[in-house]
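Worksheet: one structure, shown below.
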Amino acid sequence: MFSGFDWQQFLGAFFVLFAIIDITGSLPIIVSLCRKGKAVDPLKTAVWSFGMFMAFYFVGEAFLNLFGVDTASFAVAGSLIIFVMACEMILDISIFQETPDAPKDSSFFPVVFPLIAGAGALTTMLAIRSQFSPINLISAIAANMVCVYIVLRLATRLEKKLSASVLYMLKKFFGIILLTISIKLFTSNITLLIETVIKGDA
């Protein structure tokens, strides 16, 4: 199972996941969280994200099936969360309200899920699992988590160096990118759900 490492497969899987995780595009959100006094631990985030990917790699489909949920439904739900986050960035509104018992550590939510190990990344991993051998795909996931760690380490420095106006522009720009990703994720998977319902009724 874990034999036959191939650089071409590794790089192919790495770049597919790097594009969908898009940790660099999440920088404005992470910097904004830091400025609000939220803690985002780079190592903890990378480890938790890797754990999420591994858990979903081995038992993700079985876990979703246990609740009668398919990957398309999971992806649609994740796309709606990303959509709401994008709206917050673009419209300067606060939908996710703070509560007295809300944790100050934002490493898991919203950074690990849905930004890094979100519905899009997890369903993409399941979709390409048949195209790559386990050792190459898992190595690609691990390499992406190293990138996540490096970018998050840089984010704490950027939070101190970037001016408010630059952060504001980046927030708006990547908010639109995030909105586009959410819409693409929603439309592609809602189509699959509709097709499944039509076939079931036929």
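Each reported figure results from applying straightforward, stated rules to the coordinates on display, with no laboratory input. These figures come from a predicted structure and were not determined experimentally. FYI the Cβ positions are ideal-geometry reconstructions off the backbone, even for glycines, and counts take in every protein chain you see.
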So, over other residues within a Cβ distance under 15 Å of residue 185, counting Lys, Arg +1 and Asp, Glu -1, the net charge is -1
Expected 222 nm ellipticity per residue - DSSP helices of 4 or more, -39500 (n - 2.57), all of the chain, to 500 | -25000 deg cm²/dmol
Fewest-first ordering of 168, 57 by Cβ atoms within 10 Å yields 168, 57
Find the all-direction average of the projected area of the Cα convex hull for the chain, expressing the result in square nanometres with one decimal place.
-> 12.9
If you line up the long axis of helix 134-161 against the longest principal axis of the chain, both from Cα atoms, how many degrees apart are they, to the nearest 10?
-> 10
If the chain between residue 128 and residue 7 were fully extended at 0.36 nm per residue, the gain over the current Cα-Cα distance would be 41.9 nm
Could you give the length gained on full extension between residue 94 and residue 63, defined as 0.36 nm per residue of separation minus the Cα-Cα distance, in nm?
-> 8.0 nm
Expected sort for 90, 29 with the fewest Cβ neighbours (10 Å cutoff) up front is 90, 29
Fewest Cβ neighbours within 10 Å first, please rank 148, 197, 40 accordingly.
-> 197, 40, 148
Of the lysine pairs in the chain, how many meet both conditions: Cα atoms under 29 Å apart, and a spacing of 8 or more in sequence or different chains?
-> 27
First measure r as the distance between the Cβ atoms of residue 197 and residue 154, then evaluate 1/(1 + (r/R0)^6) with R0 = 41 Å and state the FRET efficiency to the nearest 0.05.
-> 0.35
